[in-house]
Structure formats: C-alpha cells, structure tokens
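Step one of this worksheet: look at the structure below.
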Amino acid sequence: MSVSVIARRLTAAAAVATAAVGALALPAAASGQHSARPHGDVVISSVQYDSPGRDDNSNRSLNKEYVDITNTTRRSVNLDHWTLTGRDGHRYTFRHFRLEGRATVRVHTGVGRDNAKDVYQDRRHEAWDNFADTATLRNDRNRVVDQVTWGRHRGGRH
C-alpha cells in the first residue's frame, strides 16, 4: 500500500472518530448543565429546579428547590451585591455574605434563616421553571460569572 493511501485512511478514520465523539457530546450540552461556562473562581455547581415530591408551594417544598454556588479557590470571595437571576426576572441579591474557600452555599427558594452554608430567597412561590429556565450568577459589577440552562427555550418563552 502506498503512503498516500495509508494517510487518506488514517485521515478518514480520524474524521469518523471526531464525528462520533461530537455526536456523543451533543446530548450532554443539549440536556442542560452549563450553557456558558466562564473560567471563574465561583460557579453554579448544582441546580435543583424541581422540588422532589409534590410542588405545593409550602415552605418545605420551596426550600427543596435550590441553587448551589461553589467557590473553587482556597481564598474567600465577597459575594456582597452579587445576584442570582432566572429568565422570568426574579432576582436574589447576596447581602453581606462571604463564601469561604472551597465552600458551597445553597440558595433556597423559600423562607429561612441565613447561615454560612444556606441562604434563603424568602419567596412564597417557586423561583425556577421545572421545564426550561436559566440560572445566571452575576458579580457586583453585573458581569456574568456563570450560567446554567435546562430544558428547551422557544421564542424567549419557557
């Protein structure tokens, strides 16, 4: 076999392998998770947008709906005036909150008493759409730090 035939076969095999990897990667991106993943120190590490069990707008149900925000560095980060928003415009603003290094804070939807690991939006209704929504974390300069999208968005509606 000539060198050019071998080279063409290797190129074709590489193209098929690349296409297969791309096809496998597509469902993960389409299913949700991070739609924009800036390389930041603070990330949205988890979203529980559909409260387990019955969605009855009780405080217990609302507090099972949450967003986890993680500081991936060793140093603490001041989250004062950072915001967490959804597509419908609801907004939670961190007030006087410092996230320690390698720590996670859980932002619950319902009413509760804030501490170092849990903060509460004090809402009486669900914050996140169960079918399609986007959680956006912005810093005190209104710059997107991280964003997670789930479901399908059509025409700007859920």
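The values are calculated or read from the model by the stated rules, or taken from the named source; none is laboratory data. Everything numeric here is computed off the predicted structure, so don't read it as measured data. Using ideal geometry, Cβ is built from the backbone for each residue, glycine included, and neighbour counts are taken over all protein chains shown. For accessibility, only protein heavy atoms count, side chains too; no ligands or nucleic acids. Shrake-Rupley method; radii C 1.70, N 1.55, O 1.52, S 1.80 Å.
Only a single criterion out of (1) surrounded by fewer than 14 Cβ atoms within 10 Å (Cβ to Cβ); (2) touching a Lys or Arg at 6+ places or on another chain (Cβ under 9 Å); (3) not in a loop (DSSP other than H, G, I, E, B) is not satisfied by residue 145, namely (1).
Taking region 110-126 as the range and being open to solvent by less than 20 Å² (accessible area, probe 1.4 Å) and closer than 15 Å to residue 94 by Cβ as the test, only 119 passes. Residue 89 - would you say it is out of contact with any Asp or Glu (no Cβ under 9 Å at 6 or more places or on another chain) and within 14 Å of residue 43 (Cβ to Cβ)? For residue 89, the condition - out of contact with any Asp or Glu (no Cβ under 9 Å at 6 or more places or on another chain) and within 14 Å of residue 43 (Cβ to Cβ) - is not met. Looking across region 127-142, just one residue is among the acidic types (Asp, Glu) and either closer than 10 Å to residue 63 by Cα or open to solvent by less than 20 Å² (accessible area, probe 1.4 Å) (or both), and that is 133. The residue list 113, 141, 123, 91 contains one member that is touching a Ser or Thr at 6+ places or on another chain (Cβ under 7 Å) and without any contact (Cβ under 8 Å) to a residue 12 or more places away in the chain, which is 91.
Entry remark, region 60-94: residues being of a type outside the set (S, T, N, Q), touching a Leu at 6+ places or on another chain (Cβ under 9 Å) and more than 16 Å from residue 135 (Cα to Cα) number 2 in total.
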